[in-house]
Amino acid sequence: MRTRRLKAHPDASSGFYHCMSRVVDRQFIFGEIEKEHFARLMRQYARFCGIQILTFCLMGNHFHLLIEVPKRPESPPNDAELLQRIGAIHPPALVEQLRRQLADTSLLSIQKDALRQRFWQRMGDLSQYLKELKQRFSQWHNLRQGRRGTLWEERFKSVLIGADGSALSTIAAYIDLNPVRARLVADPARYRWSGYGQAMAGRQEALIGYQALVAVRDGLSLNPAQALKQYRAGLFDYAERRGVFSSTPPCNNTASKPEVSARHPQKPLRNPGLVSQLLHRISYFTDGAVIGSRSFVESIALHHQHWLQRKRQASPHLVSNLETPSLFSLRPARVLDARG
């Protein structure tokens, strides 16, 4: 029986989610070509669905996304915006055909509305976004490799993240630090297949993600470069000054190899601190169902209380062993060391 996916309260202006999915049998299929294609599809389908990628990380056999899903309006956008979004994933010929049909005075209003709903029902939903993204990539990969069958291990995991407090920036940093945890690079800015690496390289779409993150977290209206600086100031600048990244030896950035090598034991980090703690795999952040302040977790538990009572998981649990004492999870979990 499928586990119910927890989503934001219907009254919330946006929902924030940490989503993760792994390749079947944990095969390392993501090389540079695969990562480039997946990242392109990820952005295209985000524009189509009307969601915002705050940050992401593509690894050798799995991916992490931090996504903002705005509250879905009751009706589709105007035709110009709708066609622009459709054009993000469909060829220009189809968009032009739709444009002519919507402008055709001989078509009844009900026929035009049916055309709009055909695409509108696929927009603004987290599950639909991940479903189409994974299916589209699977089709491309299977055709390219001459394979058949499922590519993904299971349905994607998602954790609902509170916009209040430090939850969003902590999860963002945890995602950005994936290649450092896997010992692919010593500095997350050097990993090109992550939101942080691309933002540090000046990629506009990645910078806009941090602009949105800082706007939600701090209520600040900054330009993209200023927002990235604000995000770094809270976590990564602090870590760099304390030598956290310099104690992590870089590895060759190739996705075909396993991301943790037993041949080169990881040196223990010399300094405590939130970033160095985030260099351990924290299962709360992938299995905790809801992460945020106590009040946020309690509000989600209350909203879903009928289902949660059957599962006996309605009480917030403090995310232990972190320097952020105000972070809570809906489900209990263990902090695991991924570097051993």
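Across the stretch 1-11, which residue is nearest to F296 (Cα to Cα) among those that are buried (at least 18 other Cβ atoms within 10 Å of the Cβ) and aliphatic (A, V, I, L, M)? For the stretch 1-11, the residue satisfying everything is A8. Taking the listed residues L83, L98, L58, L115, the one that is among the aliphatic types (A, V, I, L, M) and assigned by TED's automatic domain parsing to the domain that holds V180 is L58, with no other qualifying. Number of residues in the stretch 15-40 that are surrounded by fewer than 16 Cβ atoms within 10 Å (Cβ to Cβ) and more than 17 Å from A182 (Cα to Cα) equals 5.
For E259, indicate whether it is among the acidic types (D, E) and either assigned to a loop (DSSP other than H, G, I, E, B) or at pLDDT 75 or above (or both). Answer is yes for this residue.
Residue under question is V185, and the condition is that it be farther than 23 Å from V214 by Cα and in contact with a helix residue (DSSP H, G or I) (Cβ under 7 Å, 6 or more places away or on another chain); does it hold? Against the criterion (farther than 23 Å from V214 by Cα and in contact with a helix residue (DSSP H, G or I) (Cβ under 7 Å, 6 or more places away or on another chain)), V185 qualifies. Going by what's in this entry, would R118 be described as under 21 Å from the mean Cα position of the chain (by Cα) and within 25 Å of Q52 (Cβ to Cβ)? Here the answer is no, as R118 does not meet what is asked. Looking across R43, R116, R5, one residue alone is under 23 Å from K131 (Cβ atoms) and in contact with an Asp or Glu (Cβ under 7 Å, 6 or more places away or on another chain). It is R43.
Given the condition under 28 Å from S295 (Cα atoms), surrounded by 24 or more Cβ atoms within 10 Å (Cβ to Cβ), in contact with a helix residue (DSSP H, G or I) (Cβ under 9 Å, 6 or more places away or on another chain) and of a type in the set (F, W, Y), answer yes or no: does some residue in the stretch 189-204 qualify? Checked against the condition, which is being under 28 Å from S295 (Cα atoms), surrounded by 24 or more Cβ atoms within 10 Å (Cβ to Cβ), in contact with a helix residue (DSSP H, G or I) (Cβ under 9 Å, 6 or more places away or on another chain) and of a type in the set (F, W, Y), the stretch 189-204 yields no hits at all.
Checking each residue in the stretch 175-194 for being among the small types (G, A, S), modelled with pLDDT of 90 or more and farther than 14 Å from F63 by Cα picks out only A189. Quick one: is A201 modelled with pLDDT of 95 or more and over 18 Å from Q44 (Cα atoms)? Yes; evaluated as a whole, the condition is true for this residue. Looking at A172, A167 in this structure, which one is in contact (Cβ under 8 Å) with a residue 12 or more places away in the chain, crowded, with 18+ Cβ neighbours inside 10 Å and over 19 Å from F63 (Cβ atoms)? Within the list A172, A167, the selection yields A167. Filtered by the rule that a residue be surrounded by 15 or more Cβ atoms within 10 Å (Cβ to Cβ) and over 27 Å from E154 (Cα atoms), the stretch 42-87 gives P76, P77, D79, L82, L83, R85, I86, G87. With the structure loaded, tell me whether L168 is within 30 Å of Y210 (Cβ to Cβ) and not in a helix (DSSP H, G or I) or whether it fails that test. No; evaluated as a whole, the condition is false for this residue.
The residues on offer are L130, L143, and the sole one that is under 27 Å from L330 (Cα atoms) and either crowded, with 24+ Cβ neighbours inside 10 Å or modelled with pLDDT of 95 or more (or both) is L130.
The values are calculated or read from the model by the stated rules, or taken from the named source; none is laboratory data. Please read these numbers as outputs of a predicted model, since none were measured by experiment. All Cβ positions, glycine included, derive from the backbone under ideal geometry; neighbour counts span all protein chains shown.
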